[in-house]
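For reference, the structure is listed below as C-alpha cells.
Computed from the coordinates by the stated procedures, all read-outs in this text should not be read as laboratory data. Not measured: the values here are computed from a predicted model. In this analysis, Cβ positions are derived from the backbone assuming ideal geometry, glycine residues included, and neighbour counts consider all displayed protein chains.
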Amino acid sequence: MKKTYLILLLVIGIGCKQKSAEAQVTTNDTEQDDESNWRQRFARMEADALKKDYEGIISNEGKRSNLFPIKATGVSTAEIQQAAETFLNNLTVEQRERSSFGIDDQEWRKWSNVDNGFYKRQGVSLLEMTTIQKEAAFNLMQVALSAKGFQLSKDIMKTDHTLKEITNGSPDLDEELYYFTLMGTPSQTSPWGWQLDGHHLIINYFVLGDQIVMSPVFMGGEPTITTTGKYKGNTIFQDEQNLGLELMLSLSAEQQEKARLSDTKDHNNNVAAANKDNLLLNYEGIQLTKMTRKQKDDLVLLISLYVNNIREGHQQIKMKEVLQYLDETWFAWIGKTDEDAVFYYRIHSPVVLIEFDHQRAVFVPSETTGATRNHIHTVVRTPNGNDYGKDLLRQHLEKSHK
C-alpha cells in the first residue's frame with residue numbers, strides 16, 4: 001500500500017479493502033501526483049518563508065535586546081570541533097561540497113519534520129555513508145549532545161524504521177534517512193555549526209568560542225511506544241507527556257482556567273515548527289508568578305527535560321539563562337486532563353519556547369481521527385532572535401567589522 005493512500009485512510013477513518021488491479025493502478029497514479037503536489041507545496045512554503053529576512057520569534061511587546069551577550073562560559077567546545085573536523089575529513093570531496101555551507105547561509109532555515117517523500121533535504125544522509133563515515137557522524141552527535149539527547153535522537157530514528165515496516169518498505173522512511181550539513185568552518189574562535197535534518201528529528205547547533213545555541217530543535221515520533229517489529233519496546237516522550245499532565249493537574253481550578261487556552265483538542269496545535277522563524281507569538285496562559293513554589297519547581301523540572309538534551313556543562317548554562325527569566329515564563333494548555341487525555345502545552349519566556357503536542361495518527365492505525373498519544377511533536381526555540389545563534393553571529397560580525 002502506498003504511503004499517501006494510507007495517510008488518507010487514517011485521517012478519514014476508512015478501513016483498507018482489497019482493490020481490483022485496475023483500481024489499484026489508478027490509485028497509484030493518483031498517489032504519485034498527490035506526493036508531487038505535496039512536495040511542491042512544502043517547497044513553496046519554505047521559499048515564501050525564506051523571502052523574509054530572519055528576525056526571530058517575538059511577541060506583540062516587540063523584540064527584546066541584550067538577552068544573549070557574547071561571553072566566555074568556561075566550558076570547552078574543542079571536543080565538538082574535533083568531532084566535526086573528523087566527520088568532514090572522512091567525507092569524499094563530492095560529499096563535502098554537498099554538505100558545506102557558509103556560516104550565514106539560508107541552509108540553516110531549510111528543514112522540515114515531514115518525511116522524505118514530501119521534502120527534499122540537503123547534505124549527506126547516514127544511508128549513503130560508509131561505516132567509518134557513520135561512526136564519525138554519530139560521534140559528532142554524541143559529543144555535542146547529552147547521553148539522554150543522543151539516545152533520544154537514536155530512538156526517534158528507530159521509529160522511522162518501524163514506519164518503514166508498517167508501510168511495507170516505503171523508500172521515504174528509514175532510520176538512516178537523516179542528513180548532515182555544516183555551516184562555516186569548525187573553529188575555536190570563529191562561528192560555525194551543524195544541522196541534522198530528517199523525519200521527526202531536526203537539530204540546529206551553533207558554536208561560537210565556548211558558547212552553544214542548540215535551537216531550533218524538533219523532536220517527535222510515531223509510534224511513541226513501538227509494539228511490533230525490530231524495535232519492539234522502543235519508547236519516547238513519556239516523561240515529557242506525563243510530567244506535563246502532572247503539572248497541569250497540580251494547578252488549582254482557578255489556575256487551570258488561566259492556563260487553558262481551550263479544552264478542545266481537535267487538531268494539531270504546534271505553531272513554531274518549520275518555516276516559523278519569524279512567528280509573532282504572544283505570551284498566553286498562566287504566568288509563573290501566579291504559581292506556588294512547588295508548581296514552579298515542577299515547571300523547571302519539565303523545562304529541564306528538554307534543555308538536558310544539550311551536552312553536560314552547556315545544559316547547565318542554558319538552565320541558568322532560563323532561571324534568570326523564570327518570573328517572565330508562561331505556561332499554556334490545550335485539551336483535557338483526564339488519565340488518557342490528549343493535549344498540547346507551551347512554555348514561553350524571553351529566552352526559551354517549548355511546545356509539546358499530541359498529533360493525529362498518520363501511519364500507525366488509530367481508533368480515532370483526532371489526536372493520539374502515539375504521535376508526538378515537540379519543538380524547542382530561542383525567541384527574540386537567537387535561533388541558529390543568529391544574535392550571537394550578528395554581534396560577532398559587527399565586532400569583527402569595526
Can you give the translational diffusion coefficient of segment 254-380 in µm²/s, computed by Stokes-Einstein from the Kirkwood radius over Cα pairs at 37 °C and 0.692 mPa s?
210 µm²/s
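Could you quote the convex hull projected area for segment 32-94, Cα atoms only and averaged over all directions, in nm²?
Spelled out: convex hull of the Cα atoms, projected over all directions, averaged, 9.5 nm².
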Tell me, what is the percent relative contact order of the chain, built from C-alpha pairs under 8 Å that lie six or more residues apart?
22 percent
Across segment 51-66, in residue order, what do the Karplus-derived ³J(HN,Hα) couplings come to in whole Hz, using 6.51 cos²θ - 1.76 cosθ + 1.60 with θ = phi - 60° and x for Gly and Pro?
5, 9, 4, 5, 10, x, 7, 9, 9, 5, 6, x, 7, 7, 10, 6
Order these peptides, 41-52, 90-101, 219-230, by their mean beta-carbon neighbour count within 10 angstrom, highest first.
219-230, 90-101, 41-52
Pairs of alpha-carbon atoms within less than 8 angstrom and 6+ residues apart define the contacts here; what relative contact order does segment 169-234 have, in percent?
20 percent
Along Cα→Cβ, 7 Å out, is where each label goes; now give me the distance between the ones at LYS134 and ASP239 in nm to one decimal.
2.7 nm
Less than 15 Å from a label point 7 Å out along the Cα-to-Cβ axis of GLN122: which backbone N atoms in segment 144-185 qualify, by residue?
179-185
Please arrange TYR345, TYR179 by how many other C-beta atoms lie within 10 Å of their C-beta, fewest to most.
TYR179, TYR345
Got a sec to turn the phi values of segment 338-351 into Karplus ³J(HN,Hα) couplings, 6.51 cos²θ - 1.76 cosθ + 1.60 with θ = phi - 60°, whole Hz, x for Gly and Pro?
6, 4, 10, 5, 9, 7, 10, 9, 9, 10, 9, 9, x, 10
Karplus 3J(HN,Hα) series, Hz, for segment 311-319 with 6.51 cos²θ - 1.76 cosθ + 1.60 (x for Gly, Pro):
4, 4, x, 6, 5, 5, 5, 5, 5
Helical contribution to [θ] at 222 nm, DSSP H n ≥ 4, -39,500 (n - 2.57), averaged over the chain, rounded to 500
-12000 deg cm²/dmol
Given a Förster radius of 45 Å and the C-beta distance between GLU97 and ASP266 as r, what FRET efficiency does 1/(1 + (r/R0)^6) yield to the nearest 0.05?
0.45
What aspartates and glutamates sit close enough to LYS390 to cross-link, taking a C-alpha to C-alpha distance under 14 Å and skipping anything fewer than 8 places away on the same chain?
ASP53, GLU55, ASP104, ASP105, GLU107, ASP277, GLU398
